[in-house]
Structures are given as C-alpha cells and as structure tokens.
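Step one of this worksheet: look at the structure below.
Bear in mind that the values in this text are calculations on the coordinates, not laboratory data. Nothing here was measured: the structure is a model prediction, and the numbers come from that model. As a convention, Cβ positions derive from the backbone with ideal geometry for all residues, glycine included, and neighbour counts pool all protein chains shown.
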Amino acid sequence: MPDFKAAWIQKAQIDYFSPFISLWLACNSWYRSHYSDLGNNPEREAMDREYINKIKTDFTGRNHLYKEFVKIIKSENNKKTLGFKTNLEMLYFSLNRAELKPDKLIFNCSFEKLLIDFSQKSIQEAYINILATPRINLNGTVHSDEIDYVIKLDTKYIINDTEKVFAGLFELIYQIRNMVIHGNVKPEKDEHEVVKYCYLILSDLIGI
C-alpha cells in the first residue's frame, strides 16, 4: 500500500491568511460597536484609523484588548502566558525574515522600529525599539537593577512599558492586515509565519 503521509501532512497545514482576515473582521465589528460614540457624527462615518487610534490610546478598563494584553503578559508563567510570549518572540523573528514594508511607513515592520503614533509616520524618531538587553547574572537571571524594566519572552526581552508595547503591536498587526487585504504580502513561508503569529496574538487578545 502506498504511503501518503507526506501528501496528507501537506494538506493538514493551516493556511492562516483567511483566518487572520476573518479574525480581524471580528475585531472590526467589536470596536465599531464598543466605540460606537466615534460614529455618532451625522456628517460623516468614522474611519477605521479613528478606531485604531482610539484602541491604541485607551488604557482604561473599557479597552478589552489592552486589558487582556496586560493580564496575559503580566501573569505568572501559566500556559496561556507562556504561549503568548512565545508567539510574540516568534513574531519578532518572522518579521525580520519577511522584511515587510508598508507603503506609508519609513521602515520595515519590526520590534526595533515599532510605530506608536501613526500621525508621526514620517518622523524617524517616532519609531521605537521595544527590545531590551538587560544585564544577565551568571545564573541566567536579570540583574536586580533592571528586572523591573524588562519582560522576558522566551529568549528575548522587551521593555516593561505595556502601553507602548500594546500600541506598537496593535499598529503593527493593523499594518499587516492592510498589506494582506491589498495583496502586498507574498503567499510564501516567511510571510505566512508573520500572519500566523499576528493571528495567534490577536486571537488571545480578543479571547477566542
């Protein structure tokens, strides 16, 4: 009997492009309903950018996405937190391999050049580096002077500023969404990895 293992394994691979767009549509529906006050202007309909900016600057309990982000990344190392941190680190690596460059941004999408405020997209200094390089003790722990300023993912560290990290990460996911929607992402392995980890991260924030 012939062995069809390789062929079936290939068919079993998940194509994250379509689920990512469907998940974004769920997110879109949520924020248009949740922040419906933005759409109360009778003279014009609120644009997506207005909702995105609102989400990136609302650090109150009203913002479910930010609240969930802080809850997950600040929790003890339970299964969900470990998985989320691993997905963040894998997103970091996949971005560096894929070298995705949104049309309106100066730099490729990366953790070293995250854009917080889209209105400053033409200013180089507006792009921040959320990676951290703390001093590490001989036993592998972070030096006591720096432990409160970093968050460990898997092997990498990021800054312990949840507002900046969340705002930059959500802008990044939105930029990837735009590139996919407009056909500016090649359907190849490295690009697919970026979409995969954007999907996994967003799904944890939305809570599916």
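With R₀ set to 22 Å, the beta-carbon distance separating ILE159 from ASN108 gives a calculated FRET efficiency near 0.65.
When the helices of the chain are scored as -39500 (n - 2.57) per DSSP H run of n ≥ 4 and the total is divided over every residue, the value at 222 nm lands at -16500 deg cm²/dmol. Between ILE136 and HIS182, the contour length at 0.36 nm per residue exceeds the Cα-Cα span by 12.3 nm.
Recomputing log10 I(q)/I(0) by the Debye sum over Cα atoms at q = 0.07, 0.14, 0.16, 0.19 Å⁻¹ from the coordinates shown identifies the correct label among [x] -0.22, -0.82, -1.02, -1.30; [y] -0.24, -0.89, -1.14, -1.52; [z] -0.21, -0.85, -1.10, -1.46 as [y]. Global size of region 98-205: 15.4, 48 Å for Rg and Dmax (C-alpha atoms, Rg to one decimal, Dmax whole). Taking 7 Å steps out from each Cα toward its Cβ at THR60 and ASN78 produces label points 2.7 nm apart.
In summary, the aspartates and glutamates within cross-link reach of LYS71, defined as a Cα separation below 17 angstrom excluding same-chain residues under 8 places away, comprise ASP58, ASP148, ASP161, GLU163, ASP204.
Is any residue of region 58-82 close enough, with backbone N under 19 Å, to a label point placed 7 angstrom from the Cα of ASP148 along the Cα-Cβ axis, and if so, which? Label zone hits: 74-76.
Each Cα pair under 8 Å and six or more residues apart adds its separation to the average, and for region 58-126 the resulting relative contact order is 15 percent. For the pair LYS67 and MET47, the difference between a 0.36 nm per residue extended length and the Cα-Cα distance amounts to 4.8 nm. The alpha carbon centroids of region 58-100 and region 112-140 are separated by 15 Å.
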